[in-house]
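Presented below is the structure to which this report refers.
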Amino acid sequence: MGKRHDSYVKLKAILTIHKMLRTGNSYSGEELAEVCDTDKRTIIDYIAFMRNELKASIDSSRYFGYKYNSEKPFSMLQLEFEGPEQPDTTKRREILLNELLYYIHQLQKTDVLDGFENILFALEQEIRAIIGPYILLTEYEEEELKGDLNPLIEFEEVELRGRSYFDKLYQLIHRKEFIKIRYQGFEMAEAETKVVMPLQLREHNNRWYLVGWAQGNNQSVFLQVFPIDRMLNQPFVTQEQFKHPNKADLNAHFKNMVGVTKKGKPRKVKLKFHDSVRERYALTKKIHPTQEASIDPQDGKTVLELRVICNNELITKILEYGSAIEVLEPASLRNKVAGILKAALQYYV
């Protein structure tokens, strides 16, 4: 039990150190020791473990303490070993991942890492994706977890082309380097090559997008969104560059829209529900944060008012509710949705 407890404390401390260093700030050994409820000597051992076993690039100095190397972003899931991939290194990697998974499972049952739950959940899902559903544990651990091997949270798995580009894109965004990509949107007749200053990876409706500065045909610079599954090659660093704004408020850019397509200006949208059950779904999971509900005094039905851009993602969301919802305003959006429904009706009558 002593060895298990020591490993548990060690993992808790390592996750805590990772949580602090990933902010980009520097922390002294004393500060880390205080947060981890241990001593400075033990912190040195934990840092050495992260460097040697987890391959974390941690800079250190007696002046600023410890911090992650900004040019080498570290993920708890890298866990790579030097040399060619051999059965023994693969086995070693699986054992380490299994140990990490086991203690994550235990940490999820406690409050020792409050505020760190989302990372624990993500780690569990990613580890299970790497090593599969079978866990290599000691007999004692198998008995302890028997009948309880399911993750506490299960995320929907979607087969998505371009997913292998995530790590590379994350590193390039972190390093703020210009990249070159080749992509072809669904409505594009031919593929295009673009030079991009990548800013963010963004998810919507189980699809991932790269957001970045790009140039138009007239050399104007604007924010462009690239579906990752439409990229035709691995992104790579390029020496081609262009001037772009130093800062981009992406929260403000995407504030008044559903999804990622920004065409036109935000407008007042009014939707009426004709199905009380479906209405509850929209009230508990808002179509958009600007959504406000009111009651139509004439028929007592719920009306939602939003201020959003009338893009394709909004139309798709409205169509999800079928006959339960009616577009009241604006007239252009009402006519667009009505046209789609009329076109679909021909296949059923």
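The values are calculated or read from the model by the stated rules, or taken from the named source; none is laboratory data. Model, not experiment: these values are computed from the prediction. No Cβ is skipped: glycine too gets one built from the backbone with ideal geometry, and neighbour counts run over all protein chains shown. To get the accessible areas, we keep the full protein, side chains included, count just its heavy atoms, and leave off ligands, DNA and RNA. Shrake-Rupley method; radii C 1.70, N 1.55, O 1.52, S 1.80 Å.
All of Lys67, Lys55, Lys19 fail the test of being open to solvent by 60 Å² or more (accessible area, probe 1.4 Å), under 25 Å from Tyr170 (Cβ atoms), modelled with pLDDT under 80 and in contact with an Asp or Glu (Cβ under 7 Å, 6 or more places away or on another chain), apart from Lys55.
Given the condition open to solvent by 30 Å² or more (accessible area, probe 1.4 Å), β-branched (Val, Ile, Thr), under 30 Å from the mean Cα position of the chain (by Cα) and within 18 Å of Ile173 (Cα to Cα), answer yes or no: does some residue in the range 23-38 qualify? Taking every residue of the range 23-38 in turn, at least one turns out to be open to solvent by 30 Å² or more (accessible area, probe 1.4 Å), β-branched (Val, Ile, Thr), under 30 Å from the mean Cα position of the chain (by Cα) and within 18 Å of Ile173 (Cα to Cα).
Figure legend. Inter-residue proximity from the range 160-184: first residues free of Cβ contacts under 8 Å to residues at least 24 places away in the same chain and basic (Lys, Arg), second residues open to solvent by 70 Å² or more (accessible area, probe 1.4 Å) and in a helix (DSSP H, G or I), beta-carbon distance below 7 Å, spacing 6+ or different chains. No pairs are indicated. Take the conditions (1) open to solvent by less than 80 Å² (accessible area, probe 1.4 Å); (2) modelled with pLDDT under 70; (3) not in a helix (DSSP H, G or I); Tyr103 misses just one of them, which is (3). Among the conditions (1) open to solvent by less than 60 Å² (accessible area, probe 1.4 Å); (2) over 26 Å from Ile325 (Cβ atoms); (3) at pLDDT below 90; (4) of a type outside the set (S, T, N, Q), the only one that Lys247 does not satisfy is (1).
Annotation: Arg267 fulfils all but one of (1) under 20 Å from the mean Cα position of the chain (by Cα); (2) in contact (Cβ under 8 Å) with a residue 24 or more places away in the chain; (3) open to solvent by 30 Å² or more (accessible area, probe 1.4 Å); (4) more than 30 Å from Ile179 (Cβ to Cβ); the unmet one is (1). Residues in the range 311-326 that are more than 25 Å from the chain's Cα centre (by Cα) and open to solvent by 10 Å² or more (accessible area, probe 1.4 Å): how many? The number of residues fulfilling the criteria is 6.
Among residues of the range 202-223 being part of a strand (DSSP E or B), at pLDDT 85 or above and surrounded by fewer than 16 Cβ atoms within 10 Å (Cβ to Cβ), the one that is farthest from the chain's Cα centre (by Cα) is Val221.
Among the conditions (1) open to solvent by less than 50 Å² (accessible area, probe 1.4 Å); (2) without any contact (Cβ under 8 Å) to a residue 24 or more places away in the chain; (3) among the hydrophobic types (A, V, I, L, M, F, W, C), the only one that Val260 does not satisfy is (2). Please find, among Leu333, Leu341, Leu304, the residue that is open to solvent by less than 100 Å² (accessible area, probe 1.4 Å) and in contact with a Cys (Cβ under 9 Å, 6 or more places away or on another chain). Unique residue meeting the criteria: Leu333. Taken as a whole, the structure leaves Glu279 outside the set of residues that are open to solvent by 40 Å² or more (accessible area, probe 1.4 Å) and in contact (Cβ under 8 Å) with a residue 40 or more places away in the chain.
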